[in-house]
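The values are calculated or read from the model by the stated rules, or taken from the named source; none is laboratory data. Quick caveat: nothing in here was measured; it's all calculated off a predicted structure. When we count neighbours, we look across all protein chains shown, and the Cβ atoms used for this are built from the backbone with ideal geometry, even at glycine.
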Amino acid sequence: MATGAGGRIDWRHRAWAVAGVTFVALVSAAAFRSSTGVLLEPVSSANDWSRSVVSFAVTVNLALYGLVAPFAAALMEKWGIRRVVAAALCLLAIGMALTTFVSQPWQLALAWGVLMGFGAGAMALVFGAVVAQRWFVERRGLVMGVFSAASATGQLIFLPTLARLVESSGPRSATLLLSAVALALVPLVLGLLRDRPSDVGALPYGAPRGYVEEVADTGGRGAASIAILRLREASRTRAFWLLMFGFFVCGWSTNGLVGLHFIPAAHDHGMPPTTAASLLALIGVFDLVGTIGSGWLTDRYNPRILLAVYYAGRGLSLLIVHLLWAPTVQPPMFFFVVLYGLDWVATVPPTVALCRDCFGATRAGVVFGWVFASHMVGAGISAWVAGYLRDTTGTYDLAWWSAGALCLLAAVASYAVPRGDQLAGRSPEPEPDPELAPSA
């Protein structure tokens, strides 16, 4: 058992094994979902489709990826984490395998968008937030930082490998390999992941003796009812809408823009796709440092100030990136890589902390699911908008500028999020809506 936030870590605690499996699952799910960034141009060229047509399938993917998250969190309350994650991996495997047979845009939207969107959404960061909430009392911010890094860094580090595989063997081989890996992870999740510490007779990491495990009272409601109830409770507060806006911009400026369009934008300026993918991987390395560091900082400092700093730094990096493109990697591009990489998902640990602060421990998971949904809706809209701007103007410049400006607005909104004890006279644990209370 840990002795304090600054004490030694007891690696023998079962929580770290669960965290390890969660980390592997998050890295893999991120790599599966982000494979669309590498496959966008080959699929577009092979079928003679415009980038906006292919981007629409990714928009469906990203939107569902986010919208599924709060319902996935509620399903984890009802059915358990293991079952939900195992089912999600199966959906990812099926969606990727079907991609090899598409010949019409609607088929791509079904495979990339619907099946992979549902599968990835159930394994989104809300999965990591639920695990961190249940299994850790101490080091929760640090663990959430590691999970956040897994979700973003996984996709970036694997992109160069996927790009080389696509270049040497074609997109079909890369897609089938990813499908097989998703299926191979199912036994690992079922064998090692556990829903709660009490399932193995343990306490959460760092919990004092006499600790009572917090279990949400679902009152016999279904998963959809729980998710809608939490939305109605949270939507009565200003904090919820400020967090929603910030994470909407976060998704707009990461997954939807850089995650999908960075490689095509680099190719527009004569840079080989493998080189651009390597730059994304380097962004992932700095993201690993920035996000884990953000978790450590979140355990110690005001998360509102951290969020404001992160969004402001990201906005500045996006406002200048259009000046840095060249056929080869020039030294100024590394400034963007470092600044943007440190910010990629450093926003997640303080956002999770604010959800807990503002809405309480038992509601935080599903509320963060809704906040995360806004992240992916923003990403989905941005994916299409950036493709449309590229098709109509011939460059991505407007996409970079608009994303940078939105990030600066998000910095202001994040600083304005009230503390849990300032929520318009409402306690950090809002009372349930009597209209949705279960009947006796």
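Here are some notes:
- The set of residues from the stretch 76-96 being surrounded by fewer than 22 Cβ atoms within 10 Å (Cβ to Cβ) and either closer than 14 Å to Ala31 by Cα or among the β-branched types (Val, Ile, Thr) (or both) comprises just one member, Ile94.
- Residue in the stretch 366-380 that is more than 15 Å from the chain's Cα centre (by Cα), assigned to a helix (DSSP H, G or I) and modelled with pLDDT of 80 or more present: no
- Ala266 crowded, with 24+ Cβ neighbours inside 10 Å, in a helix (DSSP H, G or I) and more than 19 Å from the chain's Cα centre (by Cα): no
- Checklist (1) part of a helix (DSSP H, G or I); (2) closer than 30 Å to Pro204 by Cβ applied to Ser45, failing item: (2)
- Any hit, the stretch 135-142, residues being among the β-branched types (Val, Ile, Thr), touching a residue at least 40 places away in the same chain (Cβ under 8 Å), within 18 Å of Arg196 (Cβ to Cβ) and touching a strand residue (DSSP E or B) at 6+ places or on another chain (Cβ under 7 Å): yes
- Members of the stretch 22-65 that are buried (at least 21 other Cβ atoms within 10 Å of the Cβ) and at pLDDT 85 or above: Thr22, Ala25, Leu26
- Under the condition of being within 10 Å of Pro327 (Cα to Cα) and either in contact with a Phe, Trp or Tyr (Cβ under 9 Å, 6 or more places away or on another chain) or of a type in the set (Asp, Glu) (or both), the residues counted in the stretch 263-275 number 5.
- Any hit, the stretch 97-118, residues being more than 15 Å from the chain's Cα centre (by Cα), touching a residue at least 60 places away in the same chain (Cβ under 8 Å) and surrounded by fewer than 23 Cβ atoms within 10 Å (Cβ to Cβ): yes
Residue by residue, here is whether (1) touching a residue at least 24 places away in the same chain (Cβ under 8 Å); (2) closer than 24 Å to Val27 by Cα; (3) part of a helix (DSSP H, G or I); (4) within 15 Å of the chain's Cα centre (by Cα) holds:
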{"residue": "Leu318", "(1), (2), (3), (4)": "yes, no, yes, no"}
{"residue": "Ala326", "(1), (2), (3), (4)": "yes, no, no, no"}
{"residue": "Phe335", "(1), (2), (3), (4)": "no, no, yes, no"}
{"residue": "Leu339", "(1), (2), (3), (4)": "yes, yes, yes, no"}
{"residue": "Pro349", "(1), (2), (3), (4)": "yes, yes, yes, yes"}
{"residue": "Cys355", "(1), (2), (3), (4)": "yes, yes, yes, no"}
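- There is at least one residue in the stretch 205-212 that is at pLDDT below 90 and in contact with a strand residue (DSSP E or B) (Cβ under 6 Å, 6 or more places away or on another chain).
- Those residues of the stretch 321-330 which are under 14 Å from Ala399 (Cα atoms) and buried (at least 16 other Cβ atoms within 10 Å of the Cβ), in sequence order: Val321, His322
- Flag: Ala97 matches the condition of being out of contact with any Phe, Trp or Tyr (no Cβ under 9 Å at 6 or more places or on another chain) and in a helix (DSSP H, G or I).
- Cβ-Cβ under 9 Å pairs, at least 6 apart or on other chains, the stretch 359-386 side at positive phi, far side in a helix (DSSP H, G or I) and surrounded by 24 or more Cβ atoms within 10 Å (Cβ to Cβ): Gly360/Val367
- Conditions (1) within 30 Å of Gly360 (Cα to Cα); (2) part of a loop (DSSP other than H, G, I, E, B); number of the one not met by Gly119: (2)
- Qualifying residue in the stretch 219-232 (condition: at pLDDT below 85, touching an Asp or Glu at 6+ places or on another chain (Cβ under 8 Å) and assigned to a loop (DSSP other than H, G, I, E, B)): no
- Condition met for Val412 (of a type in the set (A, V, I, L, M, F, W, C) and under 22 Å from Ile263 (Cα atoms)): no
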